Amino acid sequence: MLRFLLVRIASAIPILFILSVVTFAIIQAPPGDYADYIRSQLINQGGASYAQAEAQAQLYRVEHGLDKPLVVQYVNWIGGIVTRGDFGYSMFYNKPVADVVGERLPRTLLLALVCHLFASVLGIGFGIWAATRQYSWIDSLLSGISFLGMTVPRFLMALIIVYLLVFQLNVSEIGSFFSPQYGGAPWSWAKFVDLVHHVWPVVAIATFGGLAYNMRVMRGNLLDTLNAQYVETAKAKGLSGAAVVMRHAVPNALHPLVMYQGVVLPYMLTGEIETAIIFALPTVGPAIVGSMAVGDVYVTATFMMVLSATLIVGNIIADMLLALLDPRVRQYGGA
């Protein structure tokens, strides 16, 4: 297992390098840069003439190296990461990119993991419940819930919840993780409860979508597994129904869901983009969208690299979990 892990980590380095090149090139492909955003702000809000705004924009390009060729900009950016751990300077947030990532990534990762935990536990549990009661009213009810979770857009659910909170329940504190009195206060039970009061809509929406997918996949896989010959053999040996399902059928039905963990982490980090934008939460998703809109290339590129790294890490974790779950993977997969 250790050798397998080291090989996967070593192979991830050239993949990250290639992804950094492709990502940086794609981000720079559209015309315009942050200096153009500066020019438009000077004209629209500062009352400057086009010539004055263009002169200021050109000075900004020279000062921040935006006038240099694309290759030079990439080498400077990746060289700063490798040699100094410097991800560049955010022109929009006016602070180092590392500070922007450090502010938004931990809270987003924690939020995503909580949603994923709820979605996995509830989705798998409901999937087992539905599969073991096929064609019953429970199966029909859970299948309907799964259908809604996979088809109703998240932004629509977020808009409905915002409407109910603001216009029906008169909730005014929308768009933050904490109430003003808890913003800089040390952690306490009261602060945790306040956090739950602010983030429960995002958690509920993200959990509902993930739960629906997990439940649908688990139900389908478990129904196929319950018809396998080894399950019939286990029943013939006199094992109880619960033992047959939980000890023999469920571990094999979990394989697709375990492999799904390889892509779910970056998806969970960005899957709350619509919800976070509607609720105006300072997380990774809105930062990516906002930086792309104004041409803050280093913020966008860094966040895309973070998502690429989480995708690679997620796949490594999924492979290790699958090896632990299935002896055949350990025997024939080199783990």
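Below, the figures for the structure above:
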quantity: Some residue of region 18-33 being more than 22 Å from Ala287 (Cα to Cα), at pLDDT 90 or above, open to solvent by 40 Å² or more (accessible area, probe 1.4 Å) and part of a helix (DSSP H, G or I); calculated: yes
quantity: Test: residue in region 56-65 that is open to solvent by less than 60 Å² (accessible area, probe 1.4 Å) and without any contact (Cβ under 8 Å) to a residue 12 or more places away in the chain; calculated: yes
quantity: Failed item in (1) open to solvent by 50 Å² or more (accessible area, probe 1.4 Å); (2) at pLDDT 85 or above; (3) within 25 Å of the chain's Cα centre (by Cα), with Ile9 passing the rest; calculated: (2)
quantity: Filter result (free of Cβ contacts under 8 Å to residues at least 60 places away in the same chain, open to solvent by 40 Å² or more (accessible area, probe 1.4 Å), among the hydrophobic types (A, V, I, L, M, F, W, C) and over 26 Å from Pro286 (Cβ atoms)) within region 113-155; calculated: Val121, Trp129, Trp137, Leu141
quantity: Restricting region 100-111 to residues that are over 20 Å from Met292 (Cβ atoms) and touching a residue at least 12 places away in the same chain (Cβ under 8 Å), the residue that is least open to solvent (accessible area, probe 1.4 Å); calculated: Leu111
quantity: Number of the exception - Leu223 against (1) over 27 Å from the mean Cα position of the chain (by Cα); (2) modelled with pLDDT of 85 or more; (3) open to solvent by 80 Å² or more (accessible area, probe 1.4 Å); calculated: (3)
quantity: Some residue of region 107-121 being in contact with a helix residue (DSSP H, G or I) (Cβ under 9 Å, 6 or more places away or on another chain), under 30 Å from Ala35 (Cβ atoms) and at pLDDT below 85; calculated: yes
quantity: Residue tally, condition assigned to a helix (DSSP H, G or I) and either open to solvent by 80 Å² or more (accessible area, probe 1.4 Å) or touching a Leu at 6+ places or on another chain (Cβ under 8 Å) (or both), over region 76-99; calculated: 4
quantity: Matching residues in region 34-51 - criterion: being open to solvent by 50 Å² or more (accessible area, probe 1.4 Å), part of a helix (DSSP H, G or I) and small (Gly, Ala, Ser); calculated: Ala51
quantity: Filter pass, Ala236 being more than 30 Å from Ile161 (Cβ to Cβ) and either open to solvent by less than 30 Å² (accessible area, probe 1.4 Å) or hydrophobic (A, V, I, L, M, F, W, C) (or both); calculated: yes
quantity: Boolean, Ala301 is under 17 Å from the mean Cα position of the chain (by Cα), modelled with pLDDT of 85 or more and buried (at least 20 other Cβ atoms within 10 Å of the Cβ); calculated: yes
quantity: Number of positions in region 166-191 that are in contact with a Pro (Cβ under 9 Å, 6 or more places away or on another chain) and over 14 Å from Leu281 (Cβ atoms); calculated: 0
quantity: Qualifying residue in region 140-159 (condition: on the phi < 0 side of the Ramachandran plot, touching a Pro at 6+ places or on another chain (Cβ under 8 Å) and either assigned by the TED database to the domain that holds Tyr260 or among the β-branched types (Val, Ile, Thr) (or both)); calculated: yes
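Conditions tested, residue by residue: (1) out of contact with any helix residue (DSSP H, G or I) (no Cβ under 6 Å at 6 or more places or on another chain); (2) without any contact (Cβ under 8 Å) to a residue 24 or more places away in the chain.
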residue: Val171; (1), (2): no, yes
residue: Ser179; (1), (2): no, yes
residue: His198; (1), (2): yes, no
residue: Met215; (1), (2): no, no
residue: Arg219; (1), (2): no, no
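The values are calculated or read from the model by the stated rules, or taken from the named source; none is laboratory data. Remember, it's a predicted structure, so these values are computed and weren't measured experimentally. Glycine gets a Cβ as well: all are built from the backbone with ideal geometry, and neighbour counts include every protein chain shown. What goes into the accessible areas is simple: the full protein's heavy atoms, side chains included, and nothing from ligands, DNA or RNA. Shrake-Rupley method; radii C 1.70, N 1.55, O 1.52, S 1.80 Å.
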